[in-house]
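Notes follow once the structure below has been shown.
Every number here is computed from the coordinates shown, using simple stated rules; none is lab data. Just so you know, these numbers come straight off a predicted model, no measurement behind them. Glycine gets a Cβ as well: all are built from the backbone with ideal geometry, and neighbour counts include every protein chain shown.
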Amino acid sequence: MKTRLGVNVDHVATLRQLRGTVYPSLIEAVQLAEAGGADQITAHLREDRRHIQDQDVRDLRKNVKVAFNLEMAVTPEMVRFACRIRPDWVCLVPEKRRELTTEGGLDIAKNKRAVALAIQTLKKKGIKVSCFIEPSSDAVALSHHLGADAVEFHTGQYCLAAQSAFGGRSRSRRVQEKLRIQKAAIQALELGLHAHAGHGFDYKNIQDIVGLMRHSGQALIEEYNIGHAIICRSVLVGLETAVAEMSALISR
Ligand code: PXP
């Protein structure tokens, strides 16, 4: 099965919101991403609406031709909104108002009841649900127990190590983080959970992960959701090419 690429379009909206303009068009961006080979369009409707707006989500639902994945916090308001919109997938994420971007995985153990209720409610509407978690055994087991269809591993720590953010310890940390993701992905596979990954990937660090994430000839990670690096690259080469380049890297 082909590994899928989800293109996160949040930062197209970030550029628009920066000046309060009507451009760049999110829908034109989606069409270019699809032409470049995106298998999914991902957007995060944050509580502070710093980039994607409610109307964007409605427009995406109408116009996205591939799968549409809505990232959102576990709140009753968001669950109600998603039930009206009916994206193909919802990815439940933690959210802090002050963070620059999502800083870690969802603490499911701490939010067990709310997560369980959100999963049940969304699934009743035919929406598939993934939980954005740290690649840990407990978080995988709990996601499975609560009925999630998939887990998305937060790969931020691996990506930071790949960018030498831990100084002299970066090399060993990188190996350690890769193994952590690999182990959690094998556990997910054994439990019958789909395994996705995202956060912090760029055109370099993705190559190492894609190569490693195979188990008995099978790709352990079925889907990568990537935003910032693709939108940054699109400034230089255009969005269709930026997506096509990333798509080629993940399907090798
Ligand atoms: N997956 C999830 C759940 C996220 O919250 C984000 C960031 O919005 C991404 C993937 C994409 O991360 P990046 O923009 O670093 O590629």
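Structure notes:
- Counted residue by residue at 0.36 nm each, then reduced by the alpha carbon distance between them, the extension gain from S164 to K110 reaches 16.3 nm.
- Working note: Cα atoms of segment 93-180, range along each principal axis, descending, whole Å: 48, 29, 22.
- 5 angstrom amide H check on V129, placed H, neighbours 5+ away: V90, D149, A150
- Mean Cβ count within 10 Å, highest first, over the residues of peptides 55-63, 151-159: 151-159, 55-63
- A simple spin-label model places the labels of R61 and Q176 4.4 nm from each other, with each point 7 Å out along Cα-to-Cβ.
- For N8, the residues whose modelled amide H falls within less than 5 Å of its own, excluding neighbours fewer than 5 places apart on the same chain, are T42, I226, G227.
- Direction-averaged projected area, Cα convex hull, segment 142-252: 7.5 nm², rounded to one decimal.
- Principal axis analysis of the Cα atoms in the chain yields extents of 45, 43, 36 Å, listed in decreasing size.
- Listed by chain and number, the lysines whose alpha-carbon sits under 24 Å from that of K110, ignoring those within fewer than 8 places in the same chain, are K96, K123, K124, K128, K183.
- Cα centroid separation, segment 215-231 to segment 33-67: 19 Å.
- Here r is the Cβ-Cβ distance between E28 and C232 and R0 is 22 Å; the resulting FRET efficiency, rounded to 0.05, is 0.75.
- Cross-link partners of K178 among lysines (Cα-Cα below 23 Å; sequence separation of 8 or more within a chain): K2, K204
- Shown is the FRET efficiency for D48 and Q207, computed with R0 = 35 Å from the Cβ-Cβ distance and rounded to the nearest 0.05: 0.55.
- Shape of segment 3-100, Cα gyration tensor, a/c cut at 1.5: oblate
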